[in-house]
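The values are calculated or read from the model by the stated rules, or taken from the named source; none is laboratory data. Keep in mind the model is a prediction, meaning the values are calculated, not measured. We place every Cβ from the backbone using ideal geometry, glycine too, and count neighbours over all the protein chains shown. All accessible areas refer to the heavy atoms of the entire protein, side chains included, with ligands and DNA or RNA removed. Shrake-Rupley method; radii C 1.70, N 1.55, O 1.52, S 1.80 Å.
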Amino acid sequence: MDADTRINLNCSRTELEGFQDYYEQQMYPTLVKLEEQREIAIKEVTKYAIIALGLFIVAAVIYYVLGLTIHQENTNIFIIIVVAYGLVASIYVMKPLSQVKSEANNFLMNKVCSYLNIKYSRKAANFPFCIFKDAGLLPFSFSLLP
């Protein structure tokens, strides 16, 4: 492991004893791969954003060349089309990065919770917040927790 990429974790709590080794052996290699995937996804997002913007500009030029202007009667339709295109384009453009983010989130939560012997669930109702509270891992107290 490179000295500049090594993370020194504060593992002074008994619950985290040995976590540094666990991190380096079980988590770090996958995190390096996920970072590489993230960099590739950012390039894809940039490429897709440029394509989406280019298509929008071409459509706007065609709209103008055909002599269609924004009059009061078609302004609402024009706005709806622009907003719909923007939403669809942004969802499609951000998809590669969202997938990497979701994969990284699931990996990290599963590994950390596995180390702490906590069953991980994305549903808040099933998540054992009390275990985190008792371990002192929550930065503030929840008044709803026992």
- Task: Could you state how much accessible area Tyr92 has, in square angstrom rounded to the nearest 10, with a 1.4 Å probe and all protein chains kept in place?
- Result: 130
- Message: Can you compute the FRET efficiency between Phe107 and Leu87 using 1/(1 + (r/R0)^6), with r the Cβ-Cβ distance and R0 = 41 Å? Round to the nearest 0.05.
- Response: 0.90
- Probe 1.4 Å - accessible area at Glu39, Å² to nearest ten: 90
- Counting Lys and Arg as +1 and Asp and Glu as -1, what is the net charge of the other residues whose Cβ lies under 11 Å from the Cβ of Ala41? 0
- Put Val83, Val45, Val65 in order of accessible area, largest first, probe 1.4 Å, and you get Val65, Val83, Val45
- Item | Cα-based reach from Lys43 at 27 Å (exclusive), listing lysines while leaving out same-chain residues under 8 positions away | Lys33, Lys95, Lys101
- Fully extended contour minus Cα-Cα distance, from Val61 to Thr30, at 0.36 nm per residue: 6.6 nm
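Please list Val88, Val82 in order of solvent-accessible area, largest first, computed with a 1.4 Å probe with all protein chains present. Display every interim value, and only then the final one.
Numbers: Val88 100, Val82 50 Å².
Sorted by accessible area, descending: Val88, Val82.
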